[in-house]
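Okay, structure first, notes after.
The values are calculated or read from the model by the stated rules, or taken from the named source; none is laboratory data. Small disclaimer: the values here were computed from a predicted structure and weren't measured. For neighbour counting, all protein chains shown are included, and Cβ atoms are generated from backbone atoms with ideal geometry for every residue, glycine included.
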Amino acid sequence: MSDAVVLQVDQIERRFGGLVALTGVDLKIQRGEIFGLVGPNGSGKTTLTNAITGFYPPQKGRITLEGHDITGMAPHAVARRGVARTFQNLALFNGMTVLDNILLGRHVHMQPSVVRTALYPWLARPQEIAHRRVVEETIDFMQLQSVRDDLVDSIPIGLKKRVELARALVAEPRFLILDEPMAGMNQEEKEYMARFVLDARDERGVTVLLIEHHMDIITGICDRMLVLSYGEVIDTGVPKDVVKNPRVIEAYLGGAGGKG
């Protein structure tokens, strides 16, 4: 793990009308980390990731990515800076194959134009072959060869989650945000997904922000973690220490309100 800071969040605040969803949140993620973000439902986890990726910019505070200020930057511009994400609710395209869903993840690298279309054999075709090569390699990496040509709506939830991770990986991100990638999975499927997340970090050099409810996953694969409750940070540090904090235990036993 490098000491270089990939993501830094300084004192951000996000309100929805009179509801304070995030307040005074600080976060620092170093290159090569798998960083866990946890908290009860409604604690502000998704609001924080939406602030980072430009969907809901903070009203106060600053967000920097690899030293560049991205506060308030549009989502597509954040993506072009090497950020990819998966969503809590599956965002796959039913009626399309696994292969085609994953290929859509390459859109950030595509350069469509009238000239490229007109000169397809010389300009567009080599680019298309290069995109396909990345997709096929990622299908192998995620062990999806057996379902590559299946309609995505016909495969089980565990494989759908893998497809969504594959679609994020083909964007070749440097920073990857995974929003509850193991929701709805059984124990075996969770262990498979945890292995893929570790491999993405170790083999592809991807820094990961992992949002999860499963504490066994957080303590098993995360280098550090941060806990939110009612939009505020209640602890951050090494997982084995954080989970012993009485405030963290109380937050999970008592629940929390607010915007998720």
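A few remarks follow.
- Failed criterion for Asp69 (all others in (1) more than 25 Å from Ile221 (Cβ to Cβ); (2) touching a Lys or Arg at 6+ places or on another chain (Cβ under 7 Å); (3) in contact (Cβ under 8 Å) with a residue 24 or more places away in the chain hold): (3)
- Contact map, region 133-146: first residue within 15 Å of Ala171 (Cβ to Cβ), second residue among the hydrophobic types (A, V, I, L, M, F, W, C) and not in a helix (DSSP H, G or I), Cβ cut-off under 6 Å, separation 6 or more or different chains; pairs are Val134/Val170; Val135/Val170; Thr138/Val170.
- Scanning region 204-225 for residues that are closer than 12 Å to Val243 by Cα and in contact (Cβ under 8 Å) with a residue 40 or more places away in the chain yields Met215, Ile218, Arg224, Met225.
- Selected residue [buried (at least 17 other Cβ atoms within 10 Å of the Cβ) and touching a Phe, Trp or Tyr at 6+ places or on another chain (Cβ under 9 Å)] from Gly39, Gly32: Gly39
- Qualifying residue in region 29-38 (condition: closer than 29 Å to Leu159 by Cβ, without any contact (Cβ under 8 Å) to a residue 12 or more places away in the chain and under 17 Å from the mean Cα position of the chain (by Cα)): no
- Only one entry in Leu226, Leu210, Leu178 is buried (at least 19 other Cβ atoms within 10 Å of the Cβ), under 24 Å from Leu19 (Cβ atoms) and within 17 Å of the chain's Cα centre (by Cα), namely Leu226.
- Matching residues, region 46-104, being part of a strand (DSSP E or B), under 25 Å from Val152 (Cα atoms) and of a type in the set (S, T, N, Q): Thr86, Thr97
- Pairs with Cβ under 6 Å, 6+ apart, first in region 230-252 and within 22 Å of Gly220 (Cβ to Cβ) and touching a residue at least 60 places away in the same chain (Cβ under 8 Å), second in a helix (DSSP H, G or I) and of a type outside the set (D, E, K, R): Pro239/Ile218; Pro239/Thr219
- Residue in region 167-179 that is of a type in the set (Lys, Arg), in a helix (DSSP H, G or I) and within 24 Å of Phe93 (Cβ to Cβ) present: yes
- Residue within region 151-162 that is of a type in the set (Gly, Ala, Ser), over 18 Å from Leu90 (Cβ atoms) and either touching a Cys at 6+ places or on another chain (Cβ under 8 Å) or modelled with pLDDT under 95 (or both) present: no
- Every residue from region 11-28 that is over 18 Å from the mean Cα position of the chain (by Cα), surrounded by fewer than 17 Cβ atoms within 10 Å (Cβ to Cβ) and closer than 30 Å to Asp202 by Cα: Asp26
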